[in-house]
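Worksheet for the structure shown next.
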Amino acid sequence: MQLLDDIPFVLDVDALLKRAHLESGTEDAAEFRDLACRASAEARPKALYKECYIDAKGDDTVIIDGVTFTSHALRRNLEEAERVFAFIATCGRELDQIDIPQGDFLKRFWLDSIKTALLGVSLSHLAAHLNKRYTLGKSATMSPGSSDVTVWPIEQQKELFSLFGDSNELIGVELTDSFLMIPNKSVSGIRFPTELDFHGCQLCHRAHCPSRSAPFCSALWESIEHEIESRAKRVTAPDNE
Ligand code: SF4
């Protein structure tokens, strides 16, 4: 298990201003810059990862370091894999210490956009670190609760976090009873080697998502549905022997 907690970053404040639809030279833009400056001074984006090995594969299950995960899409993606990297990446808790008045929703929204950028820094740093250290080559990630709810149910966050032990102590990320993470700008998942161009968004029906990284892929969706249905038929078919 390794913690990456010394991640260098420079916030692209101009890009953040643009994304927040703020015009340079305005009072709001000046306040945003001030907030970004405070955030830059405080922020410590981090990533925690664990090199894990696959113990066994079932029809819809994969046992990783002794923990059973249930997801047909995950099982399918790990067909050729023997080793995976479980990870938690976060913008860090430090930004929650920045004092913003309770009713100032605009500033809270701005801070959230800065936290999102810092989460991106953390994820990119982790990907580059894994590529360099393990010569990972082409890889993809899956996260419980990402994509459509049935793809890899969010409840499996519990199993994923169990691979790490005390995540709050290790990286300052807490899993709530409803399987969400605190800080809110955190991502957990499994990175795996693959020759396919897989993105979780390909299995997500949500329309107009501003964070979509790939279009919905009906061919992939139907292929997974078909595999699940075929197996269900095999299981329920009468024994002809
Ligand atoms: S489309 Fe949006 S909600 Fe769906 S998996 Fe991608 S980022 Fe998540």
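The values are calculated or read from the model by the stated rules, or taken from the named source; none is laboratory data. Being a predicted model, the structure only gives us computed values, none of them experimental. Here the Cβ is made from the backbone with ideal geometry for all residues, glycine too, and neighbour counts use every protein chain on show.
Tell me which residues, restricted to the stretch 162-174, are crowded, with 17+ Cβ neighbours inside 10 Å and farther than 19 Å from F69 by Cα.
Result: I171, G172, V173.
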Exactly one condition in (1) within 16 Å of the ligand (Cβ to nearest atom); (2) in a helix (DSSP H, G or I); (3) crowded, with 21+ Cβ neighbours inside 10 Å; (4) of a type outside the set (V, I, T) is not met by D112; state its number. (3)
When (1) under 30 Å from R231 (Cβ atoms); (2) surrounded by 19 or more Cβ atoms within 10 Å (Cβ to Cβ); (3) of a type in the set (G, A, S) are applied to A39, the one that fails is (1)
Where the second residue is more than 7 Å from the ligand (Cβ to nearest atom) and the first is of a type in the set (V, I, T) and lies in the stretch 191-218, which pairs have Cβ atoms under 6 Å and are six or more apart or on separate chains? T194/A140
Give the residue that is nearest to A20 (Cα to Cα), with candidates limited to residues of the stretch 201-223 that are within 12 Å of the ligand (Cβ to nearest atom), touching a helix residue (DSSP H, G or I) at 6+ places or on another chain (Cβ under 9 Å) and not in a loop (DSSP other than H, G, I, E, B). Q202
Kindly indicate which of D148, D177 is of a type in the set (D, E, K, R), within 16 Å of the ligand (Cβ to nearest atom), farther than 22 Å from T116 by Cβ and surrounded by fewer than 21 Cβ atoms within 10 Å (Cβ to Cβ). D148
Looking at L130, L160, L119, L126, which one is modelled with pLDDT of 95 or more and within 16 Å of the ligand (Cβ to nearest atom)? L119
Residues of the stretch 180-192 that turn out to be crowded, with 19+ Cβ neighbours inside 10 Å and farther than 16 Å from D96 by Cα, as a count: 6
